[in-house]
Amino acid sequence: VAALLRVENARWAATGKKLVHGEERVFEADSPPRLPARSAILLGDTGPWYVDAATGAVGRVKLRQKRPAPPPPINVRPRLGRQRGVSTLVATESERAIVERPVTPVMRMQRMRAPDDFGRLVLMDALILDFDYGGTLSDGDDERQFVRVEGPGGASFVRRNVEAEAAAVESLRQDGFTMMRVGDGKSARGRRVFVYRGQDAGERWHHFVVERVPALESLGFRSLIDRDFGPRLVERVGEWDLKIRDVAVSAETPGNFSLDFGIEIDGVRIALLPVLSNLLARGGMDAAQVVGEDLVTTLEDGRVVKLPAERIRRMLAIMGDLIEAAEIREDTIVLPDAEAATVVELEQLLLTRWQDAGKIHAYTERFRGETEIPHTPVPAAFHGDLRPYQSQGVDWLQHLMASQLGAFLADDMGLGKTAQTIAHITVEHASGRMTHPALIVVPTSLIANWTSELEKFAPGLKVVVLHGLDRHRKRDTLERYDVVVTTYTVLTRDVLEMKERDWHIIVLDEAQAIKTPDAKATKAVCQLDARQRICLSGTPIENNLEELWSQFAFLMPGLLGDRRGFSKRFRTPIEKNGDQLRRVQLVRRIKPFIMRRKKSDVATELPPKHTILRRITLAPDQRELYETIRVTMYEKVREQVAERSLAQSRIVVLDALLKLRQACCDPRLVKLRSAREIETSSKLDDLMEMISEMIPEGRRILLFSQFTSMLDLMKPRLREADIPFVELRGDTMNRGEPVRSFEAGEVPLFLISLKAGGRGLNLTSADTVIHYDPWWNPAVEDQASDRAHRIGQTKSVFVYKLIAADTVEERILELQARKAELASLAFGEGDGEAQEGGDLGGLDAGDIDFLFGDGSEKEREAA
């Protein structure tokens, strides 16, 4: 019959005829109705109707019931609510009718015996869900379709609203409950109950009762809570403490200490480490239950405790990564001595108790910055007068040497890092402690500078240079010497022989040479052994924080953890997220081993340095070339990055940036046919005008460019203008001669390639520095400028930066600002918003759009 009705309904719908009133048809419920042929039956809220498919007549079909029967189905959308309730069908003895009756889900929370994770019957908190139909409580597991309801007029039968009940069950499932069956002696299937599993069950119940139950009640649920239901709440939280002990040193665990975190709960001290570990395992503070200012969590015995959320957040920030990687012994954490700075950070949150911890206590004192450094007299064997700040530097080096700790001397360029280091070596030699040579590793270009400085300040020291083919012959006689000078290149080649020797001190000059962890030079120096390791550099960080990690991996192995852990713990939070707490932690960790003085602070006798940006507008034909390259290369870069990734498109991006920078300097540098046709170089023309005006005024000029080919283009123009000059570049054989000639006043102009002359030179006769093209890192430019602005300079120094307006060169200046912020972190300076930038390895998609953009304000804001 149902199939027939569906067919008739479909046929009627296809006719499109207008419906008309028809006569009422009466039939008994158990007899087929007498209806016109091909009529369709429609079921509505008021009962069946028929439709005559031939005439369109519509009439009501009246039912004459002989016995009670369920009412016809009705499409009712389930709703949960106190006021509106859920629609149900009600059948009574006297009459069949449709009425509204509320359906209320009832949550009964009680303690009951149920199986745990191992199948053992234990008392646990559970929730049972029933349903109230007009005052009659129906078992949530009851599968009957009707509920018998007793009332003043007799018994009635209420059809269960399956959809509403299912919606209520689903609401509880979304709260993370586990549904299970528990035997109740009434049915084979057992009673359906809802429970929480896991160690955090107590705090999840607490959250459910405190927050979810009121929310569900507002939707029409009702709750019944037994007196013995619910987790036990901690009544009183007392003292927090930290017990610190030295751990027995062995070959496997040298220099370790342990931390035992404790908290007083209801008068009893319990281990806090399991609580912290549990929070971390579940996602840390982001996943924790925080109510107001309290964090709600569960102890190992199931009790629920409220702890100050901010204190826990700070503890997890300090200890989080360590707990994941460190060794755990009986609720204590074992750490290497390199993590002593952690103790200083935790002392602000916990009462510290030192128990059998003499060694780690003494080491920790260094991170407080309160230790008074004793003065060390410099022996007469040192031929030179140290300024007060330089004497302090020697005292500091000696202080760290006494504990065999590394030192990073990061004074500004020109403040005498070389002299301080030689004085330190002289003290060690004069004291008789120097039983093995000191090894000084330098860039090749600085060999002559170091040998001359050693001869000047410490002529009594025996010095040998390991460089060139004769170094193998000299290696067998090294014990006769006090100081061995070699290069990073030689050390890398001869590391197998060099690591077999004992060294008293190892000094790395221009230590940024080992800023890349995977570089051969880095791996080589880290294999050497010495009583003290020293790094010298005015720029410990040039591009990113991994450079700092690489240098400290040599200087103080383990201080910053392993490479991956450092990136997770410090680099990513600081560079990407600007995390101030992690920045403070990193600064505190390295501060005892790094000394930084600025010229503006200590060398007050130095004349001022003035930096002048000189923006140059490109000529029309040069600008047209630049724009053509920019648009073409930008499209190429975007295609490459879209197909692969920015990291994998490195070569394409570098090539594009190189062409743009060359177009700004001089079109002849660009290896393109269209560039050969352009004869104009606005920047070179401007430079020649500047020099032609300055030299007659008596200016003495250092002119830097990173392109040696640009220096070659300058020389014909200088000769035409009859301007004498000398030159220093990477392939210059005799570096001393051009320096001597310039300092002697024989020529007024010194052409220098940035990398060849950016360090190891003392050119205080110069008073003017010109940077023809900007470099990514301002520290590199500053190093070059400080060839003139250093101790011994008596005149004001003017630094000119030539910038092609509205080009990639202007955008490089903004990236330089980011670089300066990042570099300041190593010295505890700046506002801490260090980010990557400048070096290609630190560029992101926004930087690429910024560098290759057309200079519109929209692109500037996006960048």
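A few remarks follow.
- For trypsin sites (Lys or Arg not before Pro), the sites in the range 641-716 that DSSP calls loop and that have at most 12 other Cβ atoms within 10 Å are R644, K671.
- Cα gyration tensor shape for the range 560-693, rounded if a/c is under 1.5, else prolate or oblate: oblate
- Full extension of the chain between A647 and E479 gives 55.8 nm of extra length, using 0.36 nm per residue less the Cα-Cα distance.
- Sparsely packed GluC sites (Glu not before Pro) within the range 319-422, loop by DSSP, other Cβ within 10 Å at most 11: E330, E370, E372
- Kirkwood-type radius of the range 262-377, with distances r between different C-alpha atoms, in Å: 16.0
- Three-way shape label, the range 564-638, alpha-carbon gyration tensor, a/c 1.5: oblate
- Rg/Rh ratio calculated on Cα atoms of the range 444-536 (Kirkwood radius): 0.93
- Computed over protein heavy atoms with a 1.4 angstrom probe, the accessible surface ordering of R729, R313, largest first, is R313, R729.
- Anchor K598: aspartates and glutamates whose Cα lies under 14 Å away (excluding residues fewer than 8 positions away in-chain): D411, D412, D782, D786, E829
- DSSP-loop trypsin sites (Lys or Arg not before Pro) across the range 163-227, with at most 13 other Cβ within 10 angstrom: K186, R189, R227
- Estimated at the nearest 10 Å², the accessible area of V670 is 10 Å² with a 1.4 Å probe.
- Pairs beyond 31 Å (Cα-Cα), from K523/K609; K462/K520; K359/K462: K523/K609; K359/K462
The values are calculated or read from the model by the stated rules, or taken from the named source; none is laboratory data. Note that the structure is a prediction, hence the values are computed from the model and not measured. No Cβ is skipped: glycine too gets one built from the backbone with ideal geometry, and neighbour counts run over all protein chains shown. All accessible areas refer to the heavy atoms of the entire protein, side chains included, with ligands and DNA or RNA removed. Shrake-Rupley method; radii C 1.70, N 1.55, O 1.52, S 1.80 Å.
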